[in-house]
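What follows is a set of notes on a single structure, which appears directly below.
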Amino acid sequence: MKKIIMLTFVFFQLIVTQKSSLALYGNSENQNPKNIKNVTAITEVFGDGQKLTAIAVEYDKDIPSLNLSKSTFSVPGRTITAVYANRVAAKTNKGVNGKYVIVELSPTDEGSALFIQKGRSSARAEAKVKIVQTGELMTTDGTKYAADPKAVASTKVVNLVVDDFEQFEFKDPKTGKTLKYNLFTPKNYVKGKAYPLVMFIHDAGVCGDQTDLTLIQGNGAIIWATPSEQAKHECFVLAPQYPKAIVNDQSEITEEGDLTVDLINSMTTQYSIDKKRIYATGQSMGCMASIALNVKYPDLFAASFLVAGQWDPTVVTPLAKNKLWIIVSEGDLKAFPGMNTITAVLESAGAKVSRATWNGQSTPAEFAAAVSKMIAEGSAIHYASLKKGTVVPAGMTENGGSNHVWTWRIAYNIEGIRDWLFKQEK
């Protein structure tokens, strides 16, 4: 009942926010001005979920990028951070003359979030937005498009990186059971060339029947499929979607664990996947499941990135021979003491563990230096804890739960750990 109440409350908040924004536009649904062909909403996924971060306005003629400014448009309820032209409906670092005007929006705006998670309840909003051309535009051929007070609604959506995944359902021929999953295939995939595979397992907060939930709740899955990451490490990305929790605090995993392994094995027969470079990662429930699968299938994964989890220390000895990178927050009341005990057990079994305490607010350069320092120690297992008081954003309650969920909102942005993972082989 508490879950239902919380979920209802979150949806209510989203509806109220949307209604407040729509009130600013007026109640009428206006047709597009004759010079505007389409409006596309552009979304991105961050550590704390999917957000609407840009709008692409398609005109019937090319627009010179240099003549545009933030005052040319308004998006009620949102903060415009940049305006420029482009040849396609996409963000870019440098505008070029084209039919699309890109209006970038601040991801920190209160109304930017399309996905909201509260504990084990979550809610998603449709990516819709309206925009007003408040200033005069001039096309590259000198035609003037006067300001128009009519708000134009988006009719298309581009979900950056998320749209690059496909959704499937695996039916296990051994058991007849099914598992929904998301799969990213390298864009320049060549059959016969061996590619690594990264499997991400989500936390219990997004268990459900919508296959893409694991893609929009945070960047644990999508980070590996971003253009910048694929440029360095071409790989398949597998993100299963579980309808319910597959582990519990008694360190038990459901039959979905074996089903997941059967899915991986099936994929190695369908695609050119390098069996020596299969990696596991996951947060909270996903971390616990990754540990359990490493214990039961010690030869499956080349390395694992474990974020904010714990497991029964009496059964983890097989991990002593594995390559692991562990991240927890000191303020996490379960994962921190749990991983302290696990790493002590692994050391007793002969594993060499490098340890460090990091500031969760470190810059990318500081994280890079910290990662390099740990790697230089030559250990197969790296254990980094995030210092208490540096994990939870200002203005949010500092407690065990917030330290837990904000661990993975930091962890997957640490580039050096991702680079380390791809260097590991069986």
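All of the numbers you see were taken from the coordinates with simple rules; none came from a lab. No experiment lies behind these values; they were computed from the predicted model shown. In this analysis, Cβ positions are derived from the backbone assuming ideal geometry, glycine residues included, and neighbour counts consider all displayed protein chains.
Below are the figures for this structure:
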{"item": "Counted charge near residue 424, where neighbours are those whose Cβ lies closer than 11 Å (Asp, Glu -1; Lys, Arg +1)", "result": "+3"}
{"item": "Approximate shape of segment 26-151 as ellipsoid semi-axes (Cα gyration tensor, √5λ), whole Å, largest first", "result": "28, 16, 11"}
{"item": "Degrees between helix 400-411 axis and first principal axis of the chain (Cα, 0 to 90, nearest 10)", "result": "80"}
{"item": "Cut-off 13 Å between beta-carbons: net charge of the residues surrounding residue 96, Lys and Arg +1, Asp and Glu -1", "result": "+3"}
{"item": "D_trans [Stokes-Einstein, Kirkwood Rh over alpha-carbon pairs] for the chain, 20 °C, 1.002 mPa s, µm² s⁻¹", "result": "93"}
{"item": "Spacing of the two label points (7 Å from each Cα toward its C-beta) at residue 423 and residue 397, in nm", "result": "4.2"}
{"item": "Residues 262, 212, 163, sorted so that the one with the fewest Cβ neighbours within 10 Å comes first", "result": "163, 262, 212"}
{"item": "Under 21 Å from the Cα of residue 321 - lysines, other chains or at least 8 residues apart", "result": "275, 276, 296, 352, 423, 426"}
{"item": "Sequence-separation-based contact order of the chain, relative, with Cα cut under 8 Å and 6+ spacing, percent", "result": "12"}
{"item": "Entries in 232/373; 193/244; 51/150; 61/232 that, when Cα-Cα distance is taken, lie over 27 Å", "result": "193/244; 61/232"}
{"item": "Tilt relative to the chain, helix 335-348 - C-alpha long axis, 0 to 90 degrees, to 10", "result": "40"}
{"item": "DSSP bridge orientation in segment 162-422 - percent antiparallel, rounded to nearest 5", "result": "30"}
{"item": "Built amide H within the under 5 Å cut-off of residue 81, gap 5+", "result": "104, 105, 106"}
{"item": "Residue exposure sequence - 154, 266 - by fewest surrounding Cβ within 10 Å", "result": "266, 154"}
{"item": "Where the Cα pairs of segment 142-236 fall when distances are cut into 10 Å bins, in %", "result": "12, 34, 27, 13, 9, 4, 1"}
{"item": "Under the Karplus curve 6.51 cos²θ - 1.76 cosθ + 1.60, θ = phi - 60°, whole-Hz ³J(HN,Hα) for segment 33-50, x wherever Gly or Pro sits", "result": "x, 4, 8, 9, 8, 8, 10, 10, 7, 10, 10, 9, 10, 10, x, 9, x, 6"}
{"item": "Nonlocal amide H pairs with residue 326, under 5 Å, H built at 1.01 Å", "result": "306, 382, 383, 384"}
{"item": "Rounded to whole Hz, the Karplus (6.51, -1.76, 1.60) HN-Hα couplings of segment 259-275, x for glycine and proline", "result": "4, 5, 5, 4, 5, 4, 4, 5, 5, 5, 8, 8, 10, 7, 9, 6, 5"}
{"item": "Neighbour-count ranking [beta-carbon atoms within 10 angstrom, fewest first] of 101, 132", "result": "132, 101"}
{"item": "Interchain or long-range residues, amide H under 5 Å from residue 97's placed H", "result": "65"}
{"item": "Estimated vicinal HN-Hα couplings, Hz - segment 66-80 in sequence order (Karplus 6.51, -1.76, 1.60; Gly, Pro = x)", "result": "5, 7, 8, 8, 5, 7, 6, 9, 9, 10, x, x, 10, 9, 7"}
